[in-house]
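A short write-up of the structure that comes next.
Nothing in this text is a laboratory measurement; each read-out follows from the coordinates by a stated rule. Quick caveat: nothing in here was measured; it's all calculated off a predicted structure. Neighbour counts are summed over all protein chains in view; Cβ atoms, including those assigned to glycine, are modelled from backbone coordinates with ideal geometry.
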């Protein structure tokens, strides 16, 4: 995926992992729009999923990453937007497949379920893997 700008957000459960991801993305020369949160105070994950979704819809970011405790809430909230194809992943293979077959534009990660090394491996796979197109294009079109 060719990404110049990526929007990222987390709830309070994903702040530390979000910080590590931002470092990786910046090292790769990707501009990062950090949409919060920045502390351990309890916040509502749908607000942050919406912020990332809106950045994709308005074109200010080509892709997004969302982090919460399990990744489940963020993926449900982000997928409420027709322009978003958010995928909850658990390893490199599931990340590659979400890009190759589903053209996912938002990666969702569970900070309480993944170690940092695995999560960063997923992020690398997300930004490096291209959509295969072909037989998958019609399926993607049915979701839009």
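Observations
- Criterion violated by residue 66 - all others in (1) touching a helix residue (DSSP H, G or I) at 6+ places or on another chain (Cβ under 9 Å); (2) closer than 16 Å to residue 18 by Cβ; (3) assigned to a helix (DSSP H, G or I); (4) free of Cβ contacts under 8 Å to residues at least 60 places away in the same chain satisfied: (3)
- Residue 39 being in contact with a helix residue (DSSP H, G or I) (Cβ under 8 Å, 6 or more places away or on another chain), more than 20 Å from residue 102 (Cα to Cα) and in a loop (DSSP other than H, G, I, E, B): yes
One line per residue, one yes/no per condition, for (1) within 16 Å of residue 76 (Cα to Cα); (2) assigned to a loop (DSSP other than H, G, I, E, B); (3) touching a strand residue (DSSP E or B) at 6+ places or on another chain (Cβ under 7 Å); (4) touching a residue at least 12 places away in the same chain (Cβ under 8 Å):
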{"position": "2", "(1), (2), (3), (4)": "no, yes, no, yes"}
{"position": "7", "(1), (2), (3), (4)": "no, no, yes, yes"}
{"position": "13", "(1), (2), (3), (4)": "no, no, yes, yes"}
{"position": "16", "(1), (2), (3), (4)": "no, no, no, yes"}
{"position": "21", "(1), (2), (3), (4)": "no, no, yes, yes"}
{"position": "29", "(1), (2), (3), (4)": "no, yes, no, no"}
{"position": "32", "(1), (2), (3), (4)": "no, no, yes, yes"}
{"position": "47", "(1), (2), (3), (4)": "yes, no, no, no"}
{"position": "50", "(1), (2), (3), (4)": "yes, no, no, yes"}
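- Of the residues making up region 102-119, none is assigned to a helix (DSSP H, G or I), surrounded by 17 or more Cβ atoms within 10 Å (Cβ to Cβ) and without any contact (Cβ under 8 Å) to a residue 60 or more places away in the chain.
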